[in-house]
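The values are calculated or read from the model by the stated rules, or taken from the named source; none is laboratory data. In this text, all values refer to a predicted model and were calculated from it rather than measured experimentally. Positions of Cβ are backbone-derived with ideal geometry, glycine not excepted, and every protein chain shown enters the neighbour counts.
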Amino acid sequence: MKIVDDPGVTTAPAPDAPEPRRKFGEVILDVQNISLAFGGVKALSDISFNVREHEVRAIIGPNGAGKSSMLNCINGVYQPQQGTITFRGKTFAHMKSRQVAEMGIARTFQNLALFKGMSVLDNIMTGRNLRIRSNIFLQALRIGPAEREEMRHRAYVEQIIDFLEIQAYRKTPVGQLPYGLQKRVDLGRALAMEPQVLLLDEPMAGMNMEEKQDMCRFILDVNDEFGTTVVLIEHDMGVVMDISDRVVVLDYGRKIGDGSPEEVRANPEVIKAYLGTSH
């Protein structure tokens, strides 16, 4: 597993200055004028925002705001009627799910879609499918190059298991694990794809406080240690404000705010629509 050095700011801040956030690269993902409708119902209306390399970018908004629909457009589950998505300089009107995965964008879903009867190790191994080069016949026989390739992939998955601190459960069927640990396995399967951009759809939904703290730590470690760019949907505003570098706010399919957590928190339209009326 490749580890990159943290390119954070090295100069010490002034005593009263806020702690500096991570240093970003160029725009890696650019969403322009995306509109999506189901029949006469508009899910997204002319949405534009970008994601810079190595940042944690949050998408927030009330239920039904279009957040998951936005992620579904990015990773090819939905095909928008209007707009373009640019990834590393390549622009697409429509992106197919397999194409997106091959380019380096991985996704977790709000509702877990793990193989409950399979072990933790085997579930995470499914994330390596796009990187397996041996044909199905050689894989079934596990001979020659196919066996050596499988050993390399399993070694990579073992590193992810160690990183997520689930070594004790590696051979346990996922269906027997507590919900919070199943969420870690879901994250591990996405990491097994070695993504450049990781899309997380409510990674902390249904978790207790301790589980949320653990997941926050893993997300920040993925971002810092692996250099993975993260785009996440999350309802817990404390989490969003703590770990995000920039936040885009949706409401009924429209963008009503975009900026740093501090800017979004002070935006009157965001306060009215989502955070609560300001007194």
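A single entry from VAL4, VAL41 fulfils the requirement of being out of contact with any Cys (no Cβ under 7 Å at 6 or more places or on another chain) and at pLDDT 90 or above: VAL41. Please tell me if GLN99 is at pLDDT below 90, of a type outside the set (Asp, Glu) and part of a loop (DSSP other than H, G, I, E, B). Criteria not met by GLN99. Scanning the stretch 204-219 for any residue that is of a type in the set (Val, Ile, Thr), within 24 Å of ALA273 (Cα to Cα), at pLDDT 95 or above and buried (at least 19 other Cβ atoms within 10 Å of the Cβ) turns up nothing. For the stretch 68-87, the condition of being outside any loop (DSSP other than H, G, I, E, B), within 30 Å of PRO173 (Cα to Cα) and in contact (Cβ under 8 Å) with a residue 12 or more places away in the chain holds for at least one residue.
For the stretch 117-150, a residue qualifies if it is modelled with pLDDT of 90 or more and more than 21 Å from LEU200 (Cβ to Cβ), and the qualifying residues are GLY117, MET118, SER119, LEU121, ASP122. Within the stretch 238-247, which residues are under 14 Å from LYS67 (Cβ atoms) and not small (Gly, Ala, Ser)? VAL240, VAL247 - these are the residues of the stretch 238-247 that are under 14 Å from LYS67 (Cβ atoms) and not small (Gly, Ala, Ser). A single member of LYS255, LYS272 is out of contact with any helix residue (DSSP H, G or I) (no Cβ under 7 Å at 6 or more places or on another chain), of a type in the set (Lys, Arg), on the phi < 0 side of the Ramachandran plot and at pLDDT below 95, and it is LYS272. Contact map, the stretch 195-209: residues that are more than 18 Å from ASP236 (Cβ to Cβ) and in a loop (DSSP other than H, G, I, E, B) paired with residues that are at pLDDT 90 or above and among the β-branched types (Val, Ile, Thr), Cβ distance under 8 Å, separation 6+ or inter-chain. Pairs shown: PRO195/ILE105; PRO195/THR228; GLN196/ILE28; GLN196/ILE105; GLN196/THR228; GLN196/THR229. Being surrounded by fewer than 18 Cβ atoms within 10 Å (Cβ to Cβ) and either β-branched (Val, Ile, Thr) or over 15 Å from the mean Cα position of the chain (by Cα) (or both) is the filter here; which residues of the stretch 48-82 pass it? SER48, PRO62, ASN63, GLY64, VAL77, GLN79, GLN81, GLN82, listed by residue number.
In summary, GLY89 fulfils each of the numbered conditions (1) modelled with pLDDT of 90 or more; (2) in contact with a Gly (Cβ under 7 Å, 6 or more places away or on another chain); (3) exposed (fewer than 15 other Cβ atoms within 10 Å of the Cβ) with the single exception of condition (2).
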